[in-house]
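One structure below.
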Amino acid sequence: MTNDLARWQFATTSIYHFLFVPVTIGLAFLVALLQTAWYRNEKPEYRRLTRFFGTLLLINVAVGVVSGLVQEFEFGMNWSAYSRFVGDVFGGPLAMEGLAAFFLESTFLGLWLFGWDRLPRRVHLSCIWLVAVGTILSAMFIMVANSWMQHPVGYVLNSHGQPELNNVGALFTNPTFLWGYVHVVLASLITGTLLMLAVSAWQIRNGRDVESFHHTARISVIILLPTILLTMFVGSELGVVEAKYQPVKIAAAEAQWNNCKPCSFSAFQIGGGKNDKTPSQIIPIPDLLSVLATNSFSGGVVGLNQLQKQDETKYGPGNYIPDVFIQYWSMRIMAYVASLIVLLALWGGWLLHKGRLDQSKWFLRLSMWAVLTPFVMNTAGWMLTENGRQPWIVQGLMKTIHANSPSVTSTDLWISIVVFVLAYTALGAADVLLMLRYARKGLGEDGHDAELRSGANSGATSIPALTY
């Protein structure tokens, strides 16, 4: 019971935190692109767009950081057995994330925020790019740690049976990390792009700064199509890697209980609950599971029953199959939502080619609601990844049931879960309200624009704000 509650608590904070992470990574990159455009052409609308979307970035970072800090404490408080067992390996990437990536991101975000009209333009532009780099580095170190839990590498077991890191390079060349990290960064860019597209669509539909927001809508569409296609390709290759190192994860994603070769992929199924090994699979797509798992139309997939017997022989008695229902539907929700994003991107690309992006009321309306899709897709992807590792917290080395803190009681966990849910609900509501409030504001005019006009009206030949 205590272990289950600890898992629920960490799942709650992790899912909540990961709502903000992709927005930060994606939006930081897009804001940097906008400021680069302003730096190159000095058009005032790009400056206003940079500050407009920069405000949304700052709101997201302010709320998201709080939820991330909680997770750091949970490792020591609720998962002390895990922390003691893997501290020599797991602690390194987390320390690098905090000491290097997070401080890089936060320091230069502050310089960027307060450096408008104070720092030289090139230095100020460098600040937002360093923020974008910091977000990507932060994701890298977290993914290094998580990928090690999925596929442990670069370690030896000491005399106490605990893993000790003996090859740092192996952590950063772990196949699970390489494909998983690229997948996360691309998904984050999709999230930021769809957020920018949704805000731009709302502004265009309401006739506010249409010409300016046409630029961001255009940028969003141009970035979205290749990014979502590349994301789906990388996700497919990640599935091949996981089929090699975590075959039970892939078999569970299709509810494949027995060996198959070649293997079909069902569009959906009826049944397939906890103890249902014979669900009715609807619209099987021939050979697709073989392609996803092996990159071959004739590849074979080991069934869950056979994998269970193999693990019992290797690790002893126990249940080594994750929740198949969660695996099956997480896979499909992620894939189907990604397919909808592809269709939206194709539609937007066609409208952009025809010069009708601003006139299509249905595209603009659907683009506003499409902002929800990456959050659904990202959450389903993480559930697929983390649930598929169970019952292991570190694949093959430590089971989740042995990882929690023995001194923490069920009462402690219930209280903390209730407090976290209430606090996160309030923070989430505040974030949504603030984002909506600022997203609905027009670009307006900042002090820089007023100074430009004042200088022009007075016949000035130089503008102080442009000479830094």
Query - Residue among 283, 326, 333 that is open to solvent by 20 Å² or more (accessible area, probe 1.4 Å) and not in a helix (DSSP H, G or I) - result: 283
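Criterion first (touching a residue at least 40 places away in the same chain (Cβ under 8 Å) and surrounded by 20 or more Cβ atoms within 10 Å (Cβ to Cβ)) does residue 136 satisfy it? Even if it seems obvious, please write down each step before you answer.
Numbers: touching a residue at least 40 places away in the same chain (Cβ under 8 Å): yes; surrounded by 20 or more Cβ atoms within 10 Å (Cβ to Cβ): no.
Judged against the criteria, residue 136 is not a match.
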Query raised in the report: When you go through (1) on the phi > 0 side of the Ramachandran plot; (2) in contact with a Gly (Cβ under 7 Å, 6 or more places away or on another chain) one by one for residue 318, which number turns out not to apply?
Result: (2)
Query raised in the report: Taking into account only those residues within region 295-309 that are modelled with pLDDT under 85 and either hydroxyl-bearing (Ser, Thr, Tyr) or part of a helix (DSSP H, G or I) (or both), which is most open to solvent (accessible area, probe 1.4 Å)?
Result: 298
**Report entry** Residue in region 230-268 that is surrounded by the fewest Cβ atoms within 10 Å (Cβ to Cβ), counting only those that are under 20 Å from residue 392 (Cβ atoms), of a type in the set (A, V, I, L, M) and in contact with a Ser or Thr (Cβ under 7 Å, 6 or more places away or on another chain)
**Finding:** 241
Report task. Being out of contact with any Leu (no Cβ under 9 Å at 6 or more places or on another chain) and assigned to a helix (DSSP H, G or I) narrows it down to one of 229, 197, so name that one. Result -> 229
Requested in this report: Can you give me the ranges of the helices (runs of 4 or more DSSP H) entirely in region 349-444 with at least 2 residues that are exposed (fewer than 15 other Cβ atoms within 10 Å of the Cβ) and either in contact (Cβ under 8 Å) with a residue 12 or more places away in the chain or at negative phi (or both)?
Outcome: 361-369, 410-439
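Residues checked against (1) more than 22 Å from residue 397 (Cα to Cα); (2) among the small types (Gly, Ala, Ser):
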residue: 290; (1), (2): yes, yes
residue: 293; (1), (2): yes, yes
residue: 313; (1), (2): no, no
residue: 329; (1), (2): yes, no
residue: 332; (1), (2): yes, no
residue: 339; (1), (2): yes, yes
residue: 348; (1), (2): yes, yes
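The values are calculated or read from the model by the stated rules, or taken from the named source; none is laboratory data. These numbers were taken from a predicted model, which means no experiment stands behind them. Because the Cβ atoms are built from the backbone with ideal geometry, glycine has one as well, and the counts that use them run over all protein chains shown. Accessible surface is based on the protein model in full, side chains and every heavy atom, while ligands, DNA and RNA are left aside. Shrake-Rupley method; radii C 1.70, N 1.55, O 1.52, S 1.80 Å.
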